[in-house]
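These notes are about the structure you will find just below.
The values are calculated or read from the model by the stated rules, or taken from the named source; none is laboratory data. On a predicted model such as this, the values are computed, not experimentally measured, just so you know. Backbone-built Cβ (ideal geometry, glycine too); neighbour counts: all protein chains shown.
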Amino acid sequence: MDFDALFTAQLDALKQEGNYRIFADLERRCGDFPRARNHGDEGARDVTVWCSNDYLGMGQHHEVMQAMKDAIDACGTGAGGTRNISGTNHYHLLLEEELADLHGKEAALLFTSGYVSNWAALSTLGARLPGAVILSDAGNHASMIEGIRHSRADKVIWRHNDVEDLDRKLAAVGPDRPKIVAFESVYSMDGDICPMAEIVEVAEKHGAMTYLDEVHAVGLYGPRGGGISEREGLADRITLIEGTLGKAYGVVGGYITGSAAMCDFVRSFASGFIFTTALPPAVAAAAQASIRHLKSSDMERMKQRRQVARLRAELDRIGIPHMANDSHIIPVMIKDPVKCRMISDILMDDWGIYVQPINYPTVPKGTERLRITPSPLHSDEDIARLVEALSELWSHCALARAVA
Ligand SMILES: *Cc1c(COP(=O)(O)O)cnc(C)c1O
């Protein structure tokens, strides 16, 4: 059998639709964020990155890097095993304490990524709570969807951020079945924020547990970076808070926090926690340094907010349509996969500006977009240049402008 022909046929279909993924070959340059080297067909050149999830540039923060270097000097590279078999390092436990404190919870549990934490925690809770029903927001991330699917628990999807729909659907589930309401605080692609107080209210009314993904909010919202749940004073009413160490914290890894019993439960039964090598101790040390820094420093968050507001105002001024939301994510809608790729290519080739096109299946077909994430390290000049480039492109490609 010609397997490669089978692979190629499906890849060709993807290319036809304009949904074939091309990765930018980047070399991040320490101390120069958001600048990076882009290795293209015609050699390497400097570009300004406008789509990084290292939202605050913490991946190049001197305290974070020093913590990682010190831990490498102290412990070496890898953890040397799964958490159960010799791989639990003291740095993991310090980080778990830091995380529990961040969210005001009894305990925390580390995973190799945010994806794995969602997948492992939801599949374990759904599979092991007898008769469990998971009520999942329609906009939830792939990692939650896959975890729920793997759990084989009954799943009910409620309309995105629609608390009345959630209420109705919770009421329809038998009162004795364990119910898990799974949702996010800041949704990654639209940048919208959930009505958390109302969701918590409805979940409590029906005796459901709440499972909250704060991946795009930790480090960024709340006085100590504890996310939207901290900002709204709701963290103590959320059963489980999940987050990542790879976005605003600038390192890698994922976690859940909650009661000691619940974390012990997931620790003891989740295959995605048990059967994999623990994170390198140096990764844990760096993540802890980043969290600790952002617990006390507001400067990065304030500067980021300023640059986000500035770019939004500039886009409004020249009539570039972008989705309104209350977060740091600015989606500029293109609504066509081929155009989206083309605009991204021109930005890169002609302007040295890198914004990855976001196409299906990351977003629904017809909602293709450029997802722009200004950081505290993008200067006013960077913003002016991006706006100039977009303005020229909008004229050049005869794209619709928003009417003021
Ligand atoms: C990125 C993302 C994750 C996964 O986190 P990683 O640490 O990158 O694996 C989980 N949930 C949401 C909403 C995300 O956007």
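Descriptive notes on the structure:
- Check on R177, away from the ligand (no atom under 13 Å from the Cβ) and part of a loop (DSSP other than H, G, I, E, B): yes
- Qualifying residue in the stretch 43-54 (condition: over 19 Å from the mean Cα position of the chain (by Cα), within 30 Å of S297 (Cβ to Cβ) and either outside any strand (DSSP E or B) or among the β-branched types (V, I, T) (or both)): yes
- Some residue of the stretch 70-78 being of a type outside the set (A, V, I, L, M, F, W, C), more than 16 Å from the ligand (Cβ to nearest atom), at pLDDT 95 or above and buried (at least 18 other Cβ atoms within 10 Å of the Cβ): no
- Checklist (1) under 26 Å from P376 (Cβ atoms); (2) within 16 Å of the ligand (Cβ to nearest atom); (3) more than 21 Å from the chain's Cα centre (by Cα) applied to A270, failing item: (1)
- Scanning the stretch 193-221 for residues that are within 12 Å of the ligand (Cβ to nearest atom), more than 13 Å from the chain's Cα centre (by Cα) and either farther than 14 Å from V163 by Cβ or aliphatic (A, V, I, L, M) (or both) yields a single hit, Y211.
- Inspection of the stretch 127-139 identifies at least one residue that is part of a helix (DSSP H, G or I) and either touching a helix residue (DSSP H, G or I) at 6+ places or on another chain (Cβ under 9 Å) or within 11 Å of the ligand (Cβ to nearest atom) (or both).
- Selected residue (only one of A286, A278 is closer than 20 Å to H61 by Cα, surrounded by 22 or more Cβ atoms within 10 Å (Cβ to Cβ) and among the hydrophobic types (A, V, I, L, M, F, W, C)): A286
- Among the residues of the stretch 56-78, those identified as part of a loop (DSSP other than H, G, I, E, B) and touching a Phe, Trp or Tyr at 6+ places or on another chain (Cβ under 9 Å) are L56, G57.
- Filter result for V252 (within 12 Å of the ligand (Cβ to nearest atom), surrounded by 24 or more Cβ atoms within 10 Å (Cβ to Cβ) and more than 24 Å from E164 (Cα to Cα)): no
- Residue match in the stretch 149-158 (condition: over 22 Å from V251 (Cβ atoms), among the acidic types (D, E), surrounded by fewer than 22 Cβ atoms within 10 Å (Cβ to Cβ) and in contact with a strand residue (DSSP E or B) (Cβ under 7 Å, 6 or more places away or on another chain)): yes
- Pairs with Cβ under 9 Å, 6+ apart, first in the stretch 86-110 and on the phi > 0 side of the Ramachandran plot, second at pLDDT 95 or above and hydroxyl-bearing (S, T, Y): G104/T257
- Filtered by the rule that a residue be within 11 Å of the ligand (Cβ to nearest atom) and in contact with a strand residue (DSSP E or B) (Cβ under 6 Å, 6 or more places away or on another chain), the stretch 102-115 gives F111, S113, G114.
- Where D326 falls short, out of the listed (1) over 27 Å from C194 (Cα atoms); (2) exposed (fewer than 14 other Cβ atoms within 10 Å of the Cβ); (3) in contact with a strand residue (DSSP E or B) (Cβ under 7 Å, 6 or more places away or on another chain): (1)
- Looking across the stretch 29-67, the residues that are aliphatic (A, V, I, L, M) and within 20 Å of D349 (Cβ to Cβ) come down to A36, A44, V47, V49.
- Condition met for M299 (of a type in the set (A, V, I, L, M, F, W, C) and in contact with a strand residue (DSSP E or B) (Cβ under 7 Å, 6 or more places away or on another chain)): no
- Scope the stretch 150-169; condition touching a residue at least 24 places away in the same chain (Cβ under 8 Å) and in a helix (DSSP H, G or I); matching residues: H150, S151, V163, L166, D167, K169
- The stretch 222-237, residues that are farther than 17 Å from M302 by Cα and either touching a residue at least 60 places away in the same chain (Cβ under 8 Å) or within 13 Å of the ligand (Cβ to nearest atom) (or both): S229, A235, D236
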